[in-house]
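These notes concern the structure reproduced below.
The values are calculated or read from the model by the stated rules, or taken from the named source; none is laboratory data. Since this is a predicted model, take the numbers as computed values, not measurements. Glycine gets a Cβ as well: all are built from the backbone with ideal geometry, and neighbour counts include every protein chain shown. Side chains included, ligands, DNA and RNA excluded: accessible areas come from the protein's heavy atoms. Shrake-Rupley method; radii C 1.70, N 1.55, O 1.52, S 1.80 Å.
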Amino acid sequence: MLPLKQIEKLLLTNKILSEADVSESQAEAKKQNKDWVEHLYKEKIISEKSLYELYAKSLHVPFISLETLTIRKDILNFLPESIAQTHNVIAFDQTDDKIKIASLDPLDLEIFDFIKKKSGKEPSVYVTSPQMITEALKMYHKGLKATVDEMTHEDDKTQKDSAKGTLKELAKDLPVIRIVDTILEYAIFEDASDIHIEPAENEVIVRYRIDGVLRDAMTLPKQIHSGIVARIKILANLKLDEHRLPQDGRFKIKSKEYKVSFRVSIIPIFDGEKTVLRLLDQSSQILTLEQLGFLANPLKIIKRAVKKPHGMILVTGPTGSGKTTTLYTILNILNNPKVNISTIEDPIEYRMPRINQTQVNPRIGLTFAQGLRSLLRQDPNIIMVGEIRDKETAEIGVHSAMTGHLVLSTLHTNDAVGALPRIQEMGIPPFLVASTTNVIVAQRLVRKVCIHCIESYELTKSNITQLESQLNFKDILSVMEREGIIDSADSPMSSLLFYRGHGCKECNHEGYKGRMGIYEILEINKAMAELIVNQAPPEKLYEEANKQGFISLIQDGFIKAKSGITTIEEVLRVTKD
């Protein structure tokens, strides 16, 4: 992106805006909490393409519109993808003695010198726009169709054959390897969390889960399904000739750009074997609690609980709500040479240095309960149990918390208060729950509004009527006032600005890009412990929690929607059944 001063100079020099117009548009962008350049594009003062055409003209360098070109694969691949991404350059054409390069920075002499030395050809430099570079970079990942076409024209060896030898040969067949590699590469490139490869009667459907929502990615011919499954089985070290029983495995892919671990699950269904791969980015950094999305007051409660030498920290929510990420973040805070941290997990999703991680293996009798019992003989200070599923695990966990250990674990309940009766249902007496539990965190993941196409809007009367039928707006507004998000709880809803993404190429026209947590945190203080011991109903527990400044999931969601992080629709999607 061009520096703002340079953009301002281009607009003034070419008499697109006056100095007064520039000041006015910058003030308007600031008022709407928007980037000035995005504001210029959205208000159609100038388009990105026109801006970069002016930039090219100012440098006396030709402008190239990449969107109208079909770039040959051999020319595109002349520059490795990593270099193209780092320097924002694309090779798009060549002659006998010249290679044509589109760039955002024609003054980056270092990269052009490198290209000249590598090719022996003189680089002919053109300016293009960031959006065109982004789209052109995607061409590196668009070779699947040709690969599939090649595969479908293979001879009879691509047909399904149950013999182990034939499957082994099929899995090593070059087109199959390339198809599987491309499916995995696409998923990494799109930031998918899961890949679903689903056989139907006449085709194979490949879907990616991106930001928590499944999307169709591609459809493949049915005859290559057995080859794809065999290839994945070889990668995950699974049995090639087993088609009747479910199988689980994992494998890793490393490159200069990424290091990703894939967790594989294969189950037999009517039309063949369905394969699901979970992507775990091993190169991603552990986030901080602030980055996870905790508000200021809940953050204080969590930090207070983490400093306690013993007790239980429980994280609850449905599958895929980010519970494990929250626990790893807390473990990262606690991880130092003075403590011994041990975990029992199913599966181990991320490797952490200086932490002793054990994988559950029920086939050999290593359950959560058995593993936890063994961990206690390893002199731990802090224990993480992947999930409390049964009475035995709950009992050992509670007793560990009572005897001087800090225990972290997860539960499957819908809200924080719901975790209390859940533990009691497992046979743990209320007085033990009250005396050992420090804090309970309930969470969901919401999609974040795409920053490239965010826009504000006011709720209409029909919107408000519909929302009032589902929610207690009075409580939401009072919490928003208490947290300093709005000036007064008496503000009419129709006067409040909310945000959404109108859809752009950056977010695949979804209006969302990335995810963040919404949370509710129940701190077990003296008053709350007394209510638990007396087996008070949930209403009384919520009443006491509200006195302490409790923020519910939906209230936390609305605070983030009002702040432009997510949308009301997204908050309702994850909190309302």
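Tell me, what is the per residue accessible area of the chain in Å², probe radius 1.4 Å?
Numbers: 28780 Å² over 577 residues.
Per residue, the chain has an accessible area of 50 Å².
Label-point separation (nm) for ILE45 and SER494, each offset 7 Å from Cα along Cα-to-Cβ?
With each label placed 7 Å out from Cα toward Cβ, I get 3.1 nm.
Loop only by DSSP, 15 or fewer other Cβ within 10 Å of the Cβ. Give me the trypsin sites (Lys or Arg not before Pro) in the range 183-252 that pass, ordered by residue number. Could the numbers behind the result be given before it?
Values: sites: ARG207, ARG209, ARG215, LYS222, ARG231, LYS233, LYS239, ARG244, ARG250, LYS252; in loops: LYS239, ARG244.
Those that pass, being in a loop and sparsely packed, are LYS239, ARG244.
Determine, from the Cβ-Cβ distance of GLN359 and ASP216 and an R0 of 41 Å, the FRET efficiency 1/(1 + (r/R0)^6), rounded to the nearest 0.05. Walk me through the numbers before you get to the answer.
Numbers: r = 33 Å, r/R0 = 0.81.
Once the sixth-power term is evaluated, E becomes 0.80.
Taking a cut-off of 16 Å between Cα atoms, list the aspartates and glutamates near LYS121, but don't count ones fewer than 8 places away on the same chain.
Leaving aside aspartates and glutamates fewer than 8 places away in the same chain, those within reach of LYS121 are ASP74, ASP93, ASP96, ASP97, GLU110, ASP113.
For the chain, what does -39500 (n - 2.57) per DSSP helix run (n ≥ 4), summed and divided by total residues, give at 222 nm, in deg cm²/dmol to the nearest 500?
Details: 25 runs with 232 residues, N = 577.
Estimated from H runs of four or more residues: -11500 deg cm²/dmol.
Within a Cβ distance under 12 Å of LEU66, other residues only, what is the Lys/Arg minus Asp/Glu net charge? Kindly include the intermediate steps, with their values, before the conclusion.
Details: positive: LYS49, LYS100, LYS138; negative: GLU67, ASP93, GLU135.
Every neighbour counted, the sum reads 0.
Can you say what percent of the DSSP beta bridges in the range 252-401, counting only those with both residues inside, are antiparallel? Round to 5. Mind dumping the intermediate values first?
Working: 14 of 23 bridges.
Taking every DSSP beta bridge within the range 252-401, about 60 percent pair in antiparallel fashion.
Run the accessible area of the chain with a 1.4 Å probe and give the carbon-and-sulfur part as a rounded percent. Intermediate values should be presented prior to the final figure.
Details: 14210 of 28780 Å².
Using a 1.4 Å probe with all protein chains present, the chain comes out at 49 percent carbon and sulfur.
Label point 7 Å out from LYS252 along Cα-to-Cβ: which residues of the range 172-207 have amide N under 17 Å?
Hits in the range 172-207 for LYS252 at 17 Å: none.
Using R₀ = 41 Å, calculate the FRET efficiency as 1/(1 + (r/R₀)^6) where r is the Cβ-Cβ separation of SER563 and ASP108; round to 0.05.
Numbers: r = 37 Å, r/R0 = 0.91.
With a Förster radius of 41 Å, E is 0.65.
As an exercise, identify the GluC sites (Glu not before Pro) in the range 1-68 lying in DSSP coil whose Cβ has no more than 12 other Cβ atoms within 10 Å. Mind showing how you got there, number by number?
Numbers: sites: GLU8, GLU19, GLU24, GLU28, GLU38, GLU43, GLU48, GLU53, GLU67; in loops: GLU43.
For GluC sites (Glu not before Pro) across the range 1-68 that sit outside H, G, I, E and B with at most 12 neighbouring Cβ atoms in 10 Å, the list reads GLU43.
With label points built 7 Å along Cα→Cβ from the Cα atoms of ASP97 and SER265, find their separation and express it in nm.
6.2
Compute, for the chain, the length of the dipole vector about the Cα centre, with Cβ point charges of +1 (Lys, Arg) and -1 (Asp, Glu) only. Units Debye, rounded to 20.
So the magnitude is around 1400 debye.
If I model a spin label as a point 7 Å beyond the Cα along the Cα-Cβ vector, how far apart are those points for MET402 and PHE473 in nm?
4.9
What FRET efficiency comes out for the pair LYS540/GLN378, r = Cβ-Cβ distance, R0 = 41 Å, nearest 0.05? Before the final figure, lay out each step's value.
Values: r = 40 Å, r/R0 = 0.98.
It comes out at approximately 0.55.
By how many nm would the segment from GLU201 to SER119 lengthen if fully extended, with 0.36 nm per residue of separation less the alpha-carbon distance?
Numbers: separation 82, 0.36 × 82 = 29.52 nm, distance 4.90 nm.
Taking GLU201 through SER119 to full extension adds about 24.6 nm, to one decimal.
Taking only pairs that are 8 or more places apart or on different chains, how many Lys pairs in the range 211-332 have Cα atoms under 24 angstrom apart?
18
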